[in-house]
């Protein structure tokens, strides 16, 4: 039975007012939008990324939600090609196979033809299912000059124990297509001379290839008392297909001195002045990981500490320790210091260089991202919540990466040299969170 | 409450004068769209005085007010003033409309239940011993005289704050033509829309541990919002979270009550009654609010960002 009219009449009697139906609370904001502008800049003129992103959520009531993510990245700058520094000027054929570029003596060769714009869009829907379940499903797409990604994901969560415990399972599948400039280099083939537009560059195969990635995630969240939440995730990832970086190369060196083997371009041609081989990686990779995170509210200050361990069949094992502390500054301002430490072991097929006249390994890469490596990030975020409930924030972070080739892959003179100098990056982000 | 704590802080921000004070056990706020500081201070003072007057008169924590007098009589009749009589009439009507679920005599059950986030669950015998003291139907109410059975108590805790919001909002509307929002610990009402016909944007607190954003924003151009929730008041028992909403019929917390219910209605008292009655329906809270066809927001889940 409806009691509203009787209740409203009684309320008016109590308050001594004339009954009215004057309530206007319908215009609830429908969209919740997190937008951000990010600048990421590496030291020594390496990669720069300018990124604009927005995450929009629309609430349809009854826990039914649509999420949309949109981002545009503009990447410029240079990244290490994998070749080692030399006492002489080094010349390389550019990825297109049409041009050459040179690296001064004593410097780490960077491939400076790196310039790209990435566009990404994804959507996700979630809603309750039966009484204690929530389902979500999404699609994602991203595109850049030489790379396309499409992916789909599905997840299910269930609440237990008066909703103090949540278990979740998620599955994601992605198919990526790689279409490198100048075609796909044949694995461990030699970089040839630059050729004119009417010829195809040497040692190149099909124009594109693809890889498939399956991710499985199991999550457990437990509310531990009034102020503490624990989260544990187990993850499994299986990638297969073309996992090589088509732009990465390895230097071929003297097996005794470790110095670059010289090469002379064909008469009338321009091309590499050293012997460089395109890298080769296995066509599958399986990763397993565990992540644990604790959040605790100390009377308004929220501390979050997380640890991740990951291992894979490329023998890259990593540890990540990360922490954030949200400190209310009174009023509607807050500060959030952030620190992160990351460490990994080198992939089993990581090589600093390849020894001349030795049998070639099946797989080899000189990509520093697959070497022994550690990285530290420290940062600070400042946020302000406006009277209207919107929030803007500014975040500044410093990143320092230290990579070191394992001694057993170094040859001769390489042992005494600094092979991979540390590099730094700065991250500056402005965010605005608002409702429409 | 000591007299020293009864002060009003006035500050200016976003084109509004904001008055802050404490009353009824929580923070209270007045937002006034007024340019002139003395006029704003006058409105805030009127609202604060109204809140403190109602707190003094109807708080169950005082020993010198009408509620204490009624509760101390142990079976003797008490004649009450007109305002108290109106509140008792209202309580009697809501008791009837809710089939006995809303009951201003259920406060004695707090002797058994302490909702401080702790783990103590009272024994059934302890609750059963109190149940004979609960029940509006055992009260003799013949306006303006009320007679309680010995040991029974009444408590306006379920009405008082929302009633105070409505009274204070009415006085604020009489004192100024500027738009005013009166917010007593999350229960709020507005005198009118802001200048330029803009609504007041109001945040409803989330139920997450360490929530940073308001869980929901509501644009309120007229009327009131009331919220009932158990973010801070609950008992944790063998992994279960028991809401602070007690069913007077069996003396136990309502099972599967939402974590928080917010309702929009023309008055805060009206909205507050609907949130309380919805909470009392436990799993049926949403169905009740849908039947009543009122604007409502229900939060059940611990959302972890």
| Residues being part of a strand (DSSP E or B) and over 15 Å from residue A:38 (Cβ atoms) - total across segment A:389-415 | 6
| message | Residues that are more than 14 Å from chain A (Cβ to nearest Cβ) and buried (at least 22 other Cβ atoms within 10 Å of the Cβ): does segment B:135-145 have at least one? | response | no
| query | Within segment B:59-77, is even one residue surrounded by 15 or more Cβ atoms within 10 Å (Cβ to Cβ), under 25 Å from residue B:190 (Cα atoms) and within 14 Å of chain A (Cβ to nearest Cβ)? | reply | no
| request: List every residue pair whose Cβ atoms lie under 9 Å apart, where the two residues are 6 or more positions apart in sequence or sit on different chains, the first residue falls within segment B:8-28 and is not assigned by TED's automatic domain parsing to the domain that holds residue B:186 and crowded, with 16+ Cβ neighbours inside 10 Å, and the second residue, located anywhere, is outside any loop (DSSP other than H, G, I, E, B) and modelled with pLDDT of 90 or more. | output: none
| field | Conditions (1) more than 26 Å from residue A:150 (Cβ to Cβ); (2) assigned to a strand (DSSP E or B): number failed by residue A:127 | value | (1)
| Enumeration of residues in segment A:181-225 that are without any contact (Cβ under 8 Å) to a residue 40 or more places away in the chain and either within 14 Å of another protein chain (Cβ to nearest Cβ) or closer than 30 Å to residue A:284 by Cα (or both) | A:205, A:206, A:207, A:208, A:209, A:210, A:211, A:212, A:224, A:225
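Out of segment B:278-292, which residues are part of a helix (DSSP H, G or I) and more than 18 Å from residue B:223 (Cβ to Cβ)? Let's see the steps before the verdict.
If we filter segment B:278-292 for residues that are part of a helix (DSSP H, G or I), which is where we start, we get B:278-280, B:282-292.
Listed by number, the residues that qualify are B:279, B:280, B:282, B:283, B:284, B:285, B:286, B:287, B:288, B:290, B:291.
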| task | Could you check how many residues of segment B:148-158 are surrounded by 22 or more Cβ atoms within 10 Å (Cβ to Cβ) and either away from chain A (no Cβ under 14 Å) or modelled with pLDDT under 90 (or both)? | result | 3
| message | Looking only at segment B:136-180, count every residue that is closer than 18 Å to residue B:265 by Cβ and assigned to a loop (DSSP other than H, G, I, E, B) and tell me the total. | response | 2
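Does residue A:111 meet the test of being buried (at least 17 other Cβ atoms within 10 Å of the Cβ) and at pLDDT below 90? Spell out how you get there, then give the answer.
On the way: buried (at least 17 other Cβ atoms within 10 Å of the Cβ): yes; at pLDDT below 90: yes.
Taking the combined requirement at face value, the residue satisfies it.
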| said: Please go through segment B:257-277 and give me each residue that is within 12 Å of chain A (Cβ to nearest Cβ), assigned to a strand (DSSP E or B) and surrounded by fewer than 24 Cβ atoms within 10 Å (Cβ to Cβ), ordered by number. | reply: none
| query | Within segment A:69-82, can one find any residue that is on the phi < 0 side of the Ramachandran plot and more than 20 Å from the chain's Cα centre (by Cα)? | reply | no
| remark: Selection over segment A:265-302 where residues are more than 14 Å from chain B (Cβ to nearest Cβ) and without any contact (Cβ under 8 Å) to a residue 12 or more places away in the chain yields a count of 2
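So, in segment A:370-388, of the ones that are surrounded by 18 or more Cβ atoms within 10 Å (Cβ to Cβ) and either in contact with a helix residue (DSSP H, G or I) (Cβ under 6 Å, 6 or more places away or on another chain) or not in a loop (DSSP other than H, G, I, E, B) (or both), which residue ends up modelled with the lowest pLDDT?
Narrowing segment A:370-388 to residues surrounded by 18 or more Cβ atoms within 10 Å (Cβ to Cβ): A:370-373, A:375, A:379, A:381, A:383, A:385.
Going one step further and asking which of them are either in contact with a helix residue (DSSP H, G or I) (Cβ under 6 Å, 6 or more places away or on another chain) or not in a loop (DSSP other than H, G, I, E, B) (or both), we end up with A:370, A:372-373, A:375, A:379, A:381, A:383, A:385.
Values: A:370: 95, A:372: 95, A:373: 95, A:375: 97, A:379: 97, A:381: 97, A:383: 94, A:385: 81.
In this case the residue turns out to be A:385.
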| task | Evaluate the following for residue A:258: is it over 29 Å from residue A:174 (Cα atoms), buried (at least 17 other Cβ atoms within 10 Å of the Cβ), in contact (Cβ under 8 Å) with a residue 24 or more places away in the chain and touching a helix residue (DSSP H, G or I) at 6+ places or on another chain (Cβ under 8 Å)? | result | yes
| remark: residue A:164: passes all of (1) modelled with pLDDT of 90 or more; (2) within 14 Å of chain B (Cβ to nearest Cβ) but (1)
| said: Restricting to segment A:410-436, count the residues that are surrounded by fewer than 19 Cβ atoms within 10 Å (Cβ to Cβ), away from chain B (no Cβ under 14 Å) and under 25 Å from the mean Cα position of the chain (by Cα). | reply: 8
| query | Just to be sure, is residue B:23 under 23 Å from residue B:176 (Cβ atoms), away from chain A (no Cβ under 14 Å) and under 16 Å from the mean Cα position of the chain (by Cα)? | reply | yes
| task | Assess whether residue A:232 counts as being in a strand (DSSP E or B) and touching a residue at least 40 places away in the same chain (Cβ under 8 Å). | result | yes
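The values are calculated or read from the model by the stated rules, or taken from the named source; none is laboratory data. None of the values given here were measured: they were computed from a predicted structure. Neighbour counts are summed over all protein chains in view; Cβ atoms, including those assigned to glycine, are modelled from backbone coordinates with ideal geometry.
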